[in-house]
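Enquirer: Once you've had a glance at the structure underneath, I'll fire off some questions.
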Amino acid sequence: MRVLFPVWELEPFIKVGGLGAVARSLPNALKQAGVDIRVVLPHYKATKMFHQRKQVLGTMYVLYGGKLIPITVSVISFLHTDIPVYLLANKHYFDKPIPETFAVFAGAVAQLVTSKLLQGWRPDVVHCNDNHCGLIPLLFNVQNIKIKTLLTIHCLSHQRKSPVVFATRLGIPIGKLRLSQWETKQKQLNFMTEGITHADMVTTVSPTYLKEIQTEELGVGLDDLVRENISKTTAILNGIDYTLHDPSTNVVLAKRYNLQSDLEQVKRVNKAYLQKKFGLPVKRDVTVIGFVGRLDVNQKGIDVLHRMISREEFDKCQFVIMGHGKESWEERFGTLATFLPNTVSVRTTYDEDLASLIYAGSDYVLIPSHFEPCCLIQMYAMRYGAIPIARATGGLNDTINDGVNGFLYRSPTARVLKETITKALVIKNTKPQDFQKMIVSAMETNFSWDKSAKEYITLYHHLVGN
Ligand code: GLC
C-alpha cells in the first residue's frame, strides 16, 4: 500500500498545532504497520532542517492562472525513520503561507503524483489533511488522476473561504464547485466544502466530533454537508507517540518515572520543580492545576478558565498556564498572574519541555474546550499521570472515562468548571488511595497509534478495493 500524505505542518520541522504532532506520529505508525507512506508539504522558509541533507529531485511546473509556476521538489528523511518527506519550494507561494498557497499546493500535489520526479513511485491513496488539502480531490477528478483520496478533518471550523479564482486558475471549471447560492455576490470558494464533497472517503479524528458536526450547534455551517456525505465518513481516533512522550526517558523532568515508581514521591519532586520553574511558592500541600494549549477563545474555552480564576475562590491551589494566542488574551492572563502572584503563573510562549514539566508536576490538567475534534493534551497528561478535567466534547469525551482516569463536565460555565474541580479535589484530599488509583488508571490508558493506524489501513484497502 503506497500512501502520499499531504499536510501543511509537520513536527518537528514546522509546528503550528496538534495536526503537526499527528503528521509526525501517524505516518510513523503506518510505516511500522507496513505502509509505504510519504509526506509532502510546502518548504517554508521557517522549516527547521536539523542539519539534514536534502536531496533536490528537480523542478516541475504548475499551470496556475495561465502561468507556469516553477516548483522545486526536494526530499529529506523523517528524523529517525526512513519516511521520505517531499518539500515543495517556490519563493512566492511557499516561503510562508499566503492566501493562494494552498491552491498552488493542490496543483503541485496533482503534478507531483503524475511527474517523473518520484521515479515511478505512484501512490494508491492520497491521504489529505484539513482544509489546506481541500482542493486536491476535486483537482484529481478534473485532471482525471485515478488515485483515491481520503480527507481527514482535523478541525471543521477552519474552512479556507477564498475567492473563486483560486480554483479556476487551476483549471477547475466553475460549474464543478459547490458554491452556495446564499453566499455574498462575490461568491466564495470553500476549501473544506470541496474536500468533503469530492474526497472518496472522509474521516474525523474522534467519534463524538463526527456526531457533533452533524448538528447545527457545532457544524459551523457545514452540518448539512456532513450529513449528506455521511455514508462515506467515519471516525478514527488520534493517538500519540509513546516513545516521544515518555516520563521514564524524558531528560527534562526533575525525576523520571513509570508505573512501577513510587508515584506519590515522584509527583512531589516534579511538582516542587514545576513550582520553582514557574516562580510559584514551593509548597507540598498545594494542588497544582495546569493548562497547556493555544489561547484560542473560540475553541479552547480560555474565557471560561479566565472567568473562573478571576471570580472563584480556591483554597490551596496554584494554576500553571502555558499557551500563546491573541495579545488581548495573553494580556488578560498576564494580569491574573500579576494580581495573584502566589496562585497563578503564566507563560505565553509554547515550549515542549515546559509542557512536559506541567504534565509531570501537575495534579490536574484543565481542558475547558468549547469544541475539540480530538485534542492530544489529555493523552499527554494521562501518560504523565496528571488527571484531566475536561469538557465532555469531541475527542475529550471519547478518551476520558469520567471518574476513572479523569473528570468530564458538560455546561461550559465557570461555575460548573469550578464544581468539577471541587469534586476532583475532594477525591484527592479525602480519598488519597482512590486518587492514586485514578493516576495509575490514567497512565495505563493506551493511546498509542497501533489501533488507529490499523483502522486507517483498513480504509485504504477499502478505497482501492482490496
Ligand atoms: C486540530 C484539532 C485537535 C486535534 C488536532 C489533530 O488541532 O483542534 O482537536 O487533536 O487537530 O488532529
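Enquirer: Hey, can you tell me all the residues within the range 381-398 that are surrounded by fewer than 24 Cβ atoms within 10 Å (Cβ to Cβ) and within 14 Å of the ligand (Cβ to nearest atom)?
Expert: Correct list: ASN397, ASP398.
Enquirer: With respect to ILE98, is the statement that it is modelled with pLDDT of 95 or more and more than 26 Å from THR208 (Cα to Cα) true? It would help to see each step written out before you state the result.
Expert: Working: modelled with pLDDT of 95 or more: yes; more than 26 Å from THR208 (Cα to Cα): yes.
Criteria met by ILE98.
Conditions tested, residue by residue: (1) within 16 Å of the ligand (Cβ to nearest atom); (2) more than 27 Å from TYR242 (Cβ to Cβ).
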site: ASN298; (1), (2): yes, yes
site: LEU305; (1), (2): no, yes
site: ILE309; (1), (2): no, yes
site: ASP353; (1), (2): no, no
site: CYS375; (1), (2): yes, no
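Enquirer: May I ask you to say which residue of ALA167, ALA199 is out of contact with any helix residue (DSSP H, G or I) (no Cβ under 6 Å at 6 or more places or on another chain), surrounded by 16 or more Cβ atoms within 10 Å (Cβ to Cβ) and hydrophobic (A, V, I, L, M, F, W, C)?
Expert: Of ALA167, ALA199, the one residue that is out of contact with any helix residue (DSSP H, G or I) (no Cβ under 6 Å at 6 or more places or on another chain), surrounded by 16 or more Cβ atoms within 10 Å (Cβ to Cβ) and hydrophobic (A, V, I, L, M, F, W, C) is ALA167.
Enquirer: Give LEU117, LEU87 a once-over and let me know the one that is under 29 Å from TYR456 (Cα atoms) and either in contact with a Gly (Cβ under 6 Å, 6 or more places away or on another chain) or of a type in the set (D, E, K, R) (or both).
Expert: Numbers: LEU87 fails: either in contact with a Gly (Cβ under 6 Å, 6 or more places away or on another chain) or of a type in the set (D, E, K, R) (or both).
Matching residue, one of LEU117, LEU87: LEU117.
Enquirer: Ok, one more. What about LEU396, is it modelled with pLDDT of 95 or more and under 27 Å from ARG268 (Cβ atoms)? Quick ask: steps written out before the conclusion?
Expert: Working: modelled with pLDDT of 95 or more: yes; under 27 Å from ARG268 (Cβ atoms): no.
No; evaluated as a whole, the condition is false for this residue.
Enquirer: Follow-up. Just checking, does the range 364-381 include any residue being more than 19 Å from the chain's Cα centre (by Cα) and closer than 25 Å to ASP315 by Cα?
Expert: First, the residues of the range 364-381 that are more than 19 Å from the chain's Cα centre (by Cα): 364.
Checking which are closer than 25 Å to ASP315 by Cα leaves us with 364.
Looking through the range 364-381, at least one residue is more than 19 Å from the chain's Cα centre (by Cα) and closer than 25 Å to ASP315 by Cα.
Enquirer: Considering only the range 341-355, I want to know if a residue exists there that is closer than 27 Å to LYS451 by Cβ and at pLDDT 95 or above. Give the steps one after another, and end with the answer.
Expert: Taking the range 341-355 first, the residues closer than 27 Å to LYS451 by Cβ are 352, 355.
Within this subset, residues satisfying the condition of being at pLDDT 95 or above are 355.
Within the range 341-355 (the criterion being closer than 27 Å to LYS451 by Cβ and at pLDDT 95 or above), the answer is yes, since at least one residue qualifies.
Enquirer: So, in the range 119-146, of the ones that are touching a residue at least 60 places away in the same chain (Cβ under 8 Å), of a type in the set (A, V, I, L, M) and part of a helix (DSSP H, G or I), which residue ends up surrounded by the most Cβ atoms within 10 Å (Cβ to Cβ)?
Expert: Within the range 119-146, the match that is surrounded by the most Cβ atoms within 10 Å (Cβ to Cβ) is ILE136.
Enquirer: Sort out which residues of the range 150-164 are surrounded by 21 or more Cβ atoms within 10 Å (Cβ to Cβ) and either free of Cβ contacts under 8 Å to residues at least 60 places away in the same chain or within 13 Å of the ligand (Cβ to nearest atom) (or both), and write them in order of number.
Expert: Kept after step one, since they are surrounded by 21 or more Cβ atoms within 10 Å (Cβ to Cβ), are these residues of the range 150-164: 150-156, 159-160.
LEU151, THR152, ILE153, HIS154, CYS155, LEU156, ARG160, listed by residue number.
Enquirer: For residues that are aliphatic (A, V, I, L, M) and in a loop (DSSP other than H, G, I, E, B), tally how many sit in the range 346-385. Talk me through it step by step, then tell me what you get.
Expert: Going through the range 346-385, the residues aliphatic (A, V, I, L, M) turn out to be 346, 354-355, 357-358, 360, 365-367, 376-377, 379, 381-382.
Adding the requirement that they be in a loop (DSSP other than H, G, I, E, B) leaves 376.
So the answer is 1.
Enquirer: When the residues of the range 274-304 are narrowed to those that are under 26 Å from ASP434 (Cβ atoms) and part of a helix (DSSP H, G or I), which ends up farthest from the chain's Cα centre (by Cα)?
Expert: Just the residues of the range 274-304 that are under 26 Å from ASP434 (Cβ atoms), to begin with: 274-275, 283-292.
Narrowing further to those that are part of a helix (DSSP H, G or I): 274-275.
Values: LEU274: 25, GLN275: 28 Å.
If we take residues in the range 274-304 being under 26 Å from ASP434 (Cβ atoms) and part of a helix (DSSP H, G or I), then GLN275 is farthest from the chain's Cα centre (by Cα).
Enquirer: Applying the selection to the range 215-231, what residues are outside any helix (DSSP H, G or I) and either among the aliphatic types (A, V, I, L, M) or within 15 Å of the ligand (Cβ to nearest atom) (or both)?
Expert: We begin by selecting, within the range 215-231, every residue outside any helix (DSSP H, G or I); these are 215-222, 229.
LEU218, VAL220, LEU222 - these are the residues of the range 215-231 that are outside any helix (DSSP H, G or I) and either among the aliphatic types (A, V, I, L, M) or within 15 Å of the ligand (Cβ to nearest atom) (or both).
Enquirer: Another question, if that's okay. Report every pair of residues separated by at least 6 positions or lying on different chains whose Cβ atoms are under 8 Å apart, first residue within the range 62-90 and exposed (fewer than 14 other Cβ atoms within 10 Å of the Cβ), second assigned to a strand (DSSP E or B).
Expert: Filtered contacts from the range 62-90: LEU63/ILE69; LEU68/TYR61; LEU68/VAL62; PRO70/THR59; PRO70/MET60; PRO70/TYR61.
Enquirer: For the range 399-409, how many residues meet the condition of being surrounded by fewer than 22 Cβ atoms within 10 Å (Cβ to Cβ) and touching a residue at least 60 places away in the same chain (Cβ under 8 Å)?
Expert: Here the count works out to 0.
Enquirer: Being outside any helix (DSSP H, G or I) and either among the charged types (D, E, K, R) or modelled with pLDDT under 95 (or both) is the filter here; which residues of the range 408-445 pass it?
Expert: Scanning the range 408-445 gives ARG410, LYS431.
Enquirer: So, one more: If I ask for residues that are within 22 Å of GLU327 (Cβ to Cβ), buried (at least 23 other Cβ atoms within 10 Å of the Cβ) and either out of contact with any strand residue (DSSP E or B) (no Cβ under 9 Å at 6 or more places or on another chain) or touching a residue at least 60 places away in the same chain (Cβ under 8 Å) (or both), which ones from the range 264-303 would you list?
Expert: PHE278, PHE291, VAL292, GLY293, LYS300, GLY301, ILE302
Enquirer: Something else now. Taking interchain pairs and intrachain pairs at least six residues apart, which have beta carbon atoms under 9 angstrom, with the first residue in the range 202-214 and within 13 Å of the ligand (Cβ to nearest atom) and the second at pLDDT below 95?
Expert: Listed by first residue and then by second, the contacts come to VAL205/GLY18.
Enquirer: Only one residue in THR249, THR234 is surrounded by fewer than 20 Cβ atoms within 10 Å (Cβ to Cβ), among the β-branched types (Val, Ile, Thr) and in a loop (DSSP other than H, G, I, E, B), so which one is that? Give the steps one after another, and end with the answer.
Expert: Numbers: THR234 fails: in a loop (DSSP other than H, G, I, E, B).
Testing whether each residue is surrounded by fewer than 20 Cβ atoms within 10 Å (Cβ to Cβ), among the β-branched types (Val, Ile, Thr) and in a loop (DSSP other than H, G, I, E, B) leaves just THR249.
Enquirer: Being basic (Lys, Arg) and modelled with pLDDT under 95 is the filter here, so list the residues in the range 1-23 that pass it. Before you say what the answer is, go through the steps one by one.
Expert: Initial filter on the range 1-23 (basic (Lys, Arg)): 2, 15.
Matches in the range 1-23: LYS15 only.
Enquirer: All but one of (1) within 16 Å of the ligand (Cβ to nearest atom); (2) at pLDDT below 95 hold for THR47; state the number of the condition that does not hold.
Expert: Every listed condition holds for THR47 apart from (1).
Enquirer: Of everything in the range 5-44, what is surrounded by fewer than 21 Cβ atoms within 10 Å (Cβ to Cβ), more than 14 Å from the ligand (Cβ to nearest atom) and farther than 19 Å from PRO123 by Cβ? Give them in sequence order.
Expert: The answer is PRO12, ILE14, TYR44.
The values are calculated or read from the model by the stated rules, or taken from the named source; none is laboratory data. Treat the numbers as computed from the prediction; the structure is a model and nothing was measured. Don't worry about glycine lacking a Cβ; one is built from the backbone with ideal geometry, like all the others, and counts go over all protein chains shown.
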